[in-house]
Amino acid sequence: AGPRLLPRRTDEAEAFVAYGPTRQRTRDPLGVERDNARSAVGLKADGTVLLLMAEQPAESAGKGGLSLTTLTEALRALGAVEALNLDGGTSSSMWTAKTGAVYGKKDADGKPVPRAVLSFLVVRPTR
């Protein structure tokens, strides 16, 4: 997981990106400004938990999903004051009792491309 998105982005501080002497990006395994399937968790000031998942169709590599900048802006617009990027690309997945499984990638026919989920985060209500 990571980087932290709110209250401020920490992708450089956490070494998810690195820049050379003229500020050209020299390391960027997450593709922070490239649209991709992504998932994130946010927290509103009142304690409400936000879960966000952006899908990316297979035929639109780099043209669907969200960049980390857009993901951060979306979470802020939803009222998040703290947020963390969880995963991106084909490994992005989310399951809720309401929607069932949502996978980060879709095939050329628009069908989800399922994959095994080996690690997960469980969010349960406390009230």
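Placing unit charges on the Cβ atoms only, positive for Lys and Arg and negative for Asp and Glu, gives the chain a dipole magnitude near 220 debye about its Cα centre. Which of Pro114, Met94, Leu30 sits closest to the plus end of the dipole of the chain, meaning its Cα is farthest towards the positive end, when Lys and Arg get +1 and Asp and Glu get -1 on the C-beta? Of Pro114, Met94, Leu30, it is Met94.
Across region 10-127, how many lysine pairs separated by 8 or more positions, or lying on different chains, have Cα atoms within less than 25 Å? The partial results should precede the final answer.
Working: Lys44/Lys98; Lys63/Lys105; Lys63/Lys106; Lys63/Lys111; Lys98/Lys106; Lys98/Lys111.
Summing the qualifying lysine pairs gives 6.
Our note on the geometry: Cα centres of region 1-46 and region 92-127, 22 Å apart. In this structure Lys111 has an accessible area near 120 Å², from a 1.4 Å probe over the protein heavy atoms.
What part of the accessible area of the chain, given as a whole %, is carbon or sulfur when the probe is 1.4 angstrom? Please report the intermediate quantities before stating the final value.
Numbers: 4320 of 7930 Å².
Ligands and nucleic acids excluded, carbon and sulfur reach 54 percent.
With only Cα atoms counted, region 11-106 has Rg and Dmax values of 14.3, 48 Å.
The values are calculated or read from the model by the stated rules, or taken from the named source; none is laboratory data. From a predicted model like this one, the values you see are computed outputs, not experimental measurements. FYI the Cβ positions are ideal-geometry reconstructions off the backbone, even for glycines, and counts take in every protein chain you see. Accessible surface is based on the protein model in full, side chains and every heavy atom, while ligands, DNA and RNA are left aside. Shrake-Rupley method; radii C 1.70, N 1.55, O 1.52, S 1.80 Å.
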